[in-house]
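Each remark here refers to the structure printed beneath this line.
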Amino acid sequence: MPDVSIVIVCMNRPDNLRPCLLSIKKNTTAEYEVIVVAYLFSADNLSAVKAEFPDVRFIVNNALSGFSENNNIALRQARGKFCLILNDDTEIPGPAIDRLLEDFGKLPEDAAIVAPKLLNADGSLQLCGRPDYPTINYLRQQWHCYKEPVDNGSGLFRTYNVSGAAFLIKTDVFRSLGWFDERYFFTPEDIALSTLARERGYSVWCDSEAEVIHKWRTTASGIAPAVRPAAVRGSLIFFSRGNPLRYCLLAAGVWCAEMTKRIKARLQGRKEDYKTFRNISRSIFTRKAPKEIFIRYYNEL
């Protein structure tokens, strides 16, 4: 049984996956297994990465699936005592994985998750712990009146939420929580997981000395008109917490924000942004699940 099962979902981007896997191999001494969900991979790309990384277990998935679904496919096969969730556009520049594993020896028994510090590709700080994220802050963020703090502490400290880009979690706890909640498709599955863990009596931590590079700015998705409407719908479902009145009030505020962005993009001639904001505003008051929304707009691309 390995110490940790490293789960990576990659959407036909071997250019992302290769440096990620090489950095793990170079900087990790703990016993580990790597499970890669090869999502919508071309035959040539799949053959190439399998040949280069024979020790990696590849799971092929060619069905349209979200972040949670893809990760859960691999997580149900994980054998490690811990699971490390990694985005394919991350790199491990040092012994971050070893350090996160060692952290659990220092933490109280109720500790379930430890996240690393996330750095941008240029080495600047992206995220170090995530404070509480109440509904009002989500609404304010849609109006560009709130920016999530990027630095919430130093050393090994307790935090509220983690980023889905990278975090280590006890496998038995993850299993008891039902893995990722597949309702959300893209977001906010990481905040939903952190919230559920804390509600079940577990604690969430961050180690600022364990660093992971997350190159999300340089690998931004070209399918925003499909991704973002699904993400907004998922966020509304999460933050309303099953209360129809709360959903309507929150959705009204978000709809006004997205319509404002939509009009501005139209006036400025930003066609792709306009399409994204149009799709978002059309998806807010629907009964469709985030996955249904994604599939609809993905098929239109």
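The values are calculated or read from the model by the stated rules, or taken from the named source; none is laboratory data. Note that the coordinates shown come from a computational prediction; the quantities given were computed from them, not determined experimentally. Cβ coordinates were reconstructed from backbone atoms using ideal geometry, including for glycine residues, and neighbour counts include every protein chain displayed.
Mind checking which residues of region 129-154 are in a strand (DSSP E or B) and in contact with a Phe, Trp or Tyr (Cβ under 9 Å, 6 or more places away or on another chain)?
Arg130
For the condition part of a helix (DSSP H, G or I) and either out of contact with any Phe, Trp or Tyr (no Cβ under 8 Å at 6 or more places or on another chain) or modelled with pLDDT of 95 or more (or both), what is the one hit in Ala220, Ala210, Ala230?
One residue alone meets the criteria, Ala230.
Being under 14 Å from the mean Cα position of the chain (by Cα), touching a residue at least 40 places away in the same chain (Cβ under 8 Å), under 22 Å from Val254 (Cα atoms) and not in a loop (DSSP other than H, G, I, E, B) narrows it down to one of Ala192, Ala115, so name that one.
Going through Ala192, Ala115 in turn, just one is under 14 Å from the mean Cα position of the chain (by Cα), touching a residue at least 40 places away in the same chain (Cβ under 8 Å), under 22 Å from Val254 (Cα atoms) and not in a loop (DSSP other than H, G, I, E, B): Ala192.
Which of the following residues is in a loop (DSSP other than H, G, I, E, B), closer than 19 Å to Val4 by Cβ, of a type outside the set (Lys, Arg) and in contact with a Gly (Cβ under 9 Å, 6 or more places away or on another chain): Phe186, Phe180?
Among Phe186, Phe180, only Phe180 is in a loop (DSSP other than H, G, I, E, B), closer than 19 Å to Val4 by Cβ, of a type outside the set (Lys, Arg) and in contact with a Gly (Cβ under 9 Å, 6 or more places away or on another chain).
This table checks each residue for (1) at negative phi; (2) touching an Asp or Glu at 6+ places or on another chain (Cβ under 9 Å).
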{"residue": "Thr187", "(1), (2)": "yes, no"}
{"residue": "Thr195", "(1), (2)": "yes, no"}
{"residue": "Arg198", "(1), (2)": "yes, no"}
{"residue": "Gly201", "(1), (2)": "no, yes"}
{"residue": "Trp205", "(1), (2)": "yes, yes"}
{"residue": "Trp216", "(1), (2)": "yes, yes"}
{"residue": "Val232", "(1), (2)": "yes, yes"}
{"residue": "Phe238", "(1), (2)": "yes, yes"}
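May I ask you to verify whether Arg198 is in the same structural domain as Pro116 (by TED's automatic domain parsing), part of a helix (DSSP H, G or I) and either surrounded by 15 or more Cβ atoms within 10 Å (Cβ to Cβ) or among the hydrophobic types (A, V, I, L, M, F, W, C) (or both)?
When the stated conditions are applied, Arg198 passes them.
Can you tell me which residue is surrounded by the fewest Cβ atoms within 10 Å (Cβ to Cβ) among those in region 249-277 that are touching a residue at least 40 places away in the same chain (Cβ under 8 Å) and either not polar (S, T, N, Q) or not assigned by TED's automatic domain parsing to the domain that holds Ile237 (or both)?
Glu272
Quick check on this structure: which one of Arg246, Arg262, Arg175, Arg266 is over 24 Å from Tyr138 (Cα atoms) and more than 21 Å from the chain's Cα centre (by Cα)?
Answer to the check: Arg266.
Give Ile136, Ile169 a once-over and let me know the one that is touching a Leu at 6+ places or on another chain (Cβ under 9 Å) and either surrounded by 13 or more Cβ atoms within 10 Å (Cβ to Cβ) or free of Cβ contacts under 8 Å to residues at least 60 places away in the same chain (or both).
Being touching a Leu at 6+ places or on another chain (Cβ under 9 Å) and either surrounded by 13 or more Cβ atoms within 10 Å (Cβ to Cβ) or free of Cβ contacts under 8 Å to residues at least 60 places away in the same chain (or both) holds for just one of Ile136, Ile169, which is Ile169.
Would a scan of region 198-205 turn up a residue that is of a type in the set (S, T, N, Q) and within 24 Å of Ile73 (Cα to Cα)?
no
Here is a check on your reading of the model: is Val254 part of a helix (DSSP H, G or I) and either touching a Lys or Arg at 6+ places or on another chain (Cβ under 9 Å) or at pLDDT below 95 (or both)?
Here the answer is no, as Val254 does not meet what is asked.
Identify all residues within region 37-54 that are hydrophobic (A, V, I, L, M, F, W, C) and within 11 Å of Pro14 (Cα to Cα); write none if there are none.
Hits for region 37-54 are Ala38, Phe41, Leu46, Ala48, Val49.
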